[in-house]
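Written below as structure tokens is the structure these notes are about.
The values are calculated or read from the model by the stated rules, or taken from the named source; none is laboratory data. Source: prediction; values computed, not measured. Here Cβ is always computed from backbone atoms with ideal geometry, including for glycine, and neighbour counts include all displayed protein chains.
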Amino acid sequence: MPKLKTKKSVAKRFKVTGTGKLTYHKCNKQHILGKKSPKRKRKLRKAAVVDATNVKQVKRMLPYA
């Protein structure tokens, strides 16, 4: 059986925590920040956990995670 290839675009966007959860950084924090409130920008800083409904799809693209 050949080795499975990792989707590199997915590997750059998601990280696996020690407990096996998938985290990602939220979008909309790159540019056009002047019109966004400080509260909104502060909440976008933190990494988020992938929802349980999408974990299976993401892990399929990260076979060795």
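The table for this structure:
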quantity: Positions within region 18-33 being of a type in the set (S, T, N, Q) and within 10 Å of residue 50 (Cα to Cα), in sequence order; calculated: 23
quantity: Close pairs from region 31-47: first surrounded by 10 or more Cβ atoms within 10 Å (Cβ to Cβ), partner at pLDDT 95 or above and hydrophobic (A, V, I, L, M, F, W, C), Cβ under 9 Å, at least 6 apart; calculated: 36/44; 41/33; 44/27
